[in-house]
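We did not get these values from a lab; they are worked out from the coordinates using the rules stated. Fair warning: this is a prediction, and the values are worked out from it, not measured in the lab. Cβ placement follows ideal geometry from the backbone for every residue including glycine, while neighbour counts extend to all protein chains displayed.
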Amino acid sequence: MSLEISHLRLPLTSFVLELDARLDAPVTGLFGASGAGKTSLLETIAGLRRPVDGRISLDGTVLTDSAARIFRPPESRGVGFVPQDSALFTHLNVRENLCYSQRARSHVTRPGISYEHVLDVLNLGSLVARRIGSLSGGERQRVAFGRALLAAPHLLLLDEPLASLDRELKDQILPYLRLIRDEFKIPMLLVSHSADEIVALCDDVLVLELGRCVRRGPPSGLFIVSPRPHHELAKPTDLSPLNDGSA
Amino acid sequence: MSSDLWQITWFTAWVAVTSTLVILPPGIALAWLLARRQWPGKSLVETLVALPLVIPPVATGLILLHLFGRRGLIGHWLENSLGIEIVFTWKAVVIATAVMSFPLLVRTVRVAFENVSPRVEHVARTLGAGPWRVFWTITLPLARQGVIAGAVLAFARALGEFGATVMVAGFIPGKTETLALSIYHSVELGRDGEAVAFLAVSVALAFAAVWCSERLLRRATA
């Protein structure tokens, strides 16, 4: 995978998001405090926001290019998006959520991604007939992963996928993210303000501050990996991990 | 009198259903535009749509009479080019009830659309659904309670509409008689028994409408 972002400019309420980067790691982390522009960046890559300037291409396909007046709508980008609150369709049951995308229903998924395989890897088999309202937080997040995977995206954007879960649930869901990475080989861009998630999953990390990339590198170079349990890892800057959902 | 009563009841219910069905598509479209899009003239349209709620119904009726009358802007054109007469026919009753209940429908459905999280619609887009598919499979189903509630409100308003109707449709026996007009007419003529019969049917009809909507709403939430 190669996601090329050049001269991207997106004005936000109190600063301008500006980025120039070429991302080609299997899992790239976007790290930073709430309000650093991480979610806005994901939304721009997904086509849910239109940048004023810049060019984004994925594996050679142009997603947006302000100079050439190209803007591919989100439905034809092949970019999956899992928001923090999972955003499941509450009027549909689990199976209907999983099969929402045309690709999931027509079984035109990529090699290695089939309905059965996704159910199996994410352990969703017993949930398919359930209503969304009856699911626990962890189950909801697994359904959200499955739904995004079954659309066979070329890139998966995960916006703080574990932030709404308590610590115990986080420890249960984290292995699923590793499984997704290893089983389906879909490149991922993971937004987080928790160092342990980044260390556990990412190969490359961009640290965002007020809309700019201030540091970049492998997590081992950015984080002090201590021998303590992984959720007590030191953080590179004193970023509040408290979730205010406004990123 | 009793055959009249049934004829009038049938006509009233038919008018209320027709006017609700007529305003449902444009009402839902406008509610969506107000809830989800920014466009020039939005606040003007917002105010215009709310106007029938705040000005006297008789005044709305007078405006409609001027618009749809033989010399009116729309009425003149309709009669000359299509040969359609509006004023003092059943069509005038439907137009009056439609205009009077339109704001109630739009307001209720708009709130329902605003309560659907844009994030959920965004995710549907990234799953490959275009804007139309998102509207039909996500936004509308999630807002269905508000749409049902708005339609019932509009229907109830149409059942009881008096002021605007009497201005544009008059009170023509066998042609534009609705229950509300008949109650007033009976009382005016001192036929109290008749008025009570019309009253009873009005209450029964309204009761049935509210009861049905409660059932529908309960099923929609289940």
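Simple spin-label estimate for A:E116 and B:V54 gives 6.4 nm between the two label positions (7 Å along the Cα-to-Cβ direction from each Cα). Hey, in the GNM for chain B with a 10 angstrom Cα cutoff, which one of B:S101, B:S19, B:S117 fluctuates hardest? Highest fluctuation of the listed residues: B:S117. Considering only A:S194, A:S14, A:S164, the Gaussian network model of chain A with Cα springs below 10 Å gives its largest mean-square fluctuation to A:S14.
A simple rule links phi to the HN-Hα coupling: the Karplus curve 6.51 cos²θ - 1.76 cosθ + 1.60 with θ = phi - 60°, which for the range B:158-170 gives 5, 4, x, 4, 10, x, 5, 4, 5, 6, 8, 10, x Hz, with x for Gly and Pro. For A:L155, the residues whose amide H sits under 5 Å from its own are A:G80, ignoring neighbours fewer than 5 places away on the same chain, with H placed 1.01 Å from N. Which of rounded, prolate or oblate describes chain B when judged by the alpha-carbon gyration tensor and an a/c cut-off of 1.5? Note, shape of chain B comes out oblate.
Near the amide H of A:E209, within less than 5 Å, lie the amide hydrogens of A:V214, all on another chain or at least 5 residues away, with H placed in the peptide plane.
A straight Cα-to-Cα reach below 27 Å connects B:K175 with the lysines B:K91, residues fewer than 8 places away in its own chain not being considered.
For A:L63, the residues 5 or more places off, or on other chains, whose built amide H falls under 5 Å of its own are A:I56, A:S57, A:L58. Note on chain A: GNM, Cα springs under 10 Å; of A:V82, A:V52, A:V27, the largest mean-square fluctuation is that of A:V52.
A dipole drawn for the range B:2-221 from +1 and -1 charges on Cβ atoms has a positive end, and of B:A197, B:A50, B:P40 the residue lying farthest that way is B:P40. Given a Förster distance of 41 Å, report the FRET efficiency between A:R178 and B:V111 from their Cβ-Cβ distance, rounded to the nearest 0.05. So, using R0 = 41 Å, E works out to roughly 0.45. Ranked for footprinting exposure by Cβ neighbours inside 10 Å, fewest first, B:I8, B:I55 give B:I55, B:I8. For the range B:57-74, backbone phi angles converted through the Karplus equation (6.51, -1.76, 1.60; θ = phi - 60°) give residue-by-residue couplings of x, 4, 5, 4, x, 5, 4, 4, 4, 5, 6, 9, x, 4, 9, x, 3, 8 Hz, Gly and Pro being listed as x. Here the 3J(HN,Hα) profile of the range A:16-32, calculated from phi with Karplus coefficients 6.51, -1.76 and 1.60 at θ = phi - 60°, is 10, 6, 10, 8, 9, 7, 10, 10, 9, 7, x, 10, 10, x, 10, 10, x Hz, Gly and Pro shown as x. Modelled spin labels at B:R36 and A:D53, positioned 7 Å past Cα toward Cβ, are 3.2 nm from each other.
Ordering A:D24, A:D85 from the fewest to the most neighbouring beta carbons within 10 Å gives A:D24, A:D85.
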